[in-house]
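This report refers to the structure that appears directly beneath it.
The values are calculated or read from the model by the stated rules, or taken from the named source; none is laboratory data. All values reported here derive from a predicted model rather than from experimental measurement. Here the Cβ is made from the backbone with ideal geometry for all residues, glycine too, and neighbour counts use every protein chain on show.
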């Protein structure tokens with residue numbers, strides 16, 4: 001028996017047994033299934049979403065505002081560094097024309113820096129938490145690299161001062177660079193945590209909006225259905241048929257034709 005015949009027999013077996021692997025997530029099944037005599041639900045529960053919940057706040061302000069401020073600071077610093085290097089760099093030091101490699105690297109730095117920070121504003125505007133991921137990844141790598149460099153520099157400082165006598169100016173310079181690095185890393189950590197909390201907020205908000213769309217679609221199909229945002233589970237004497245639950249937990253009820261958004 002050839003390999004092709006074996007594959008065709010295996011494919012035919014999968015096709016014949018496909019029906020046994022099908023699953024219906026509909027409460028009332030599919031056409032031809034056994035009919036469910038229970039009445040349709042009268043309530044649909046959706047988890048409560050609080051805009052000002054403590055997990056969405058940072059440094060006394062909402063994570064959205066902190067993330068937008070972070071994006072503005074990041075874009076400003078990126079443009080400042082680009083302009084500083086562009087106008088201060090000696091482009092003709094090699095006597096062969098403009099240093100193309102430095103120019104390309106500088107332009108890439110500007111494009112990547114502005115794009116990564118602008119993605120924060122775009123993610124906030126369109127409620128897209130995935131747009132904040134590049135910033136989180138790049139800043140995490142950058143902070144870890146800076147911490148590693150700081151540790152190696154401090155180690156060299158200790159070794160040099162232990163082996164030989166150095167001038168007082170060397171100690172002052174090393175101390176200044178250490179303080180500067182610590183301040184820069186602290187600011188970057190604050191920016192990173194702001195964006196992480198903002199991403200958490202956007203993710204929870206998008207899930208809540210999806211749940212509300214599902215509830216609204218169910219209410220269109222069943223006009224008598226009542227949406228309950230938050231609240232506890234149905235009481236013990238209530239049958240499962242009386243309620244459909246999309247998560248739970250403080251109760252806010254919406255009339256049939258009121259838009260919860």
Pair list, Cβ < 6 Å and 6+ apart or interchain, from region 162-175 residues that are part of a helix (DSSP H, G or I) to residues that are modelled with pLDDT of 70 or more and surrounded by 10 or more Cβ atoms within 10 Å (Cβ to Cβ): 174/157
Hits in region 41-60 (condition: touching a helix residue (DSSP H, G or I) at 6+ places or on another chain (Cβ under 8 Å) and not in a loop (DSSP other than H, G, I, E, B)): 43, 44, 46, 55, 56, 57, 58
Some residue of region 107-129 being loosely packed, with under 14 Cβ neighbours inside 10 Å, at pLDDT below 90 and over 23 Å from residue 76 (Cα atoms): yes
Test: residue in region 146-165 that is surrounded by 11 or more Cβ atoms within 10 Å (Cβ to Cβ), within 22 Å of residue 63 (Cβ to Cβ) and at pLDDT 90 or above: no
Count of region 1-12 residues which are modelled with pLDDT of 65 or more and either in a loop (DSSP other than H, G, I, E, B) or surrounded by fewer than 10 Cβ atoms within 10 Å (Cβ to Cβ) (or both): 4
Any hit, region 18-36, residues being over 37 Å from the mean Cα position of the chain (by Cα), outside any loop (DSSP other than H, G, I, E, B) and either exposed (fewer than 10 other Cβ atoms within 10 Å of the Cβ) or at pLDDT below 75 (or both): yes
Matching entry among 67, 47 (being at pLDDT 80 or above and either surrounded by 11 or more Cβ atoms within 10 Å (Cβ to Cβ) or closer than 30 Å to residue 198 by Cα (or both)): 67
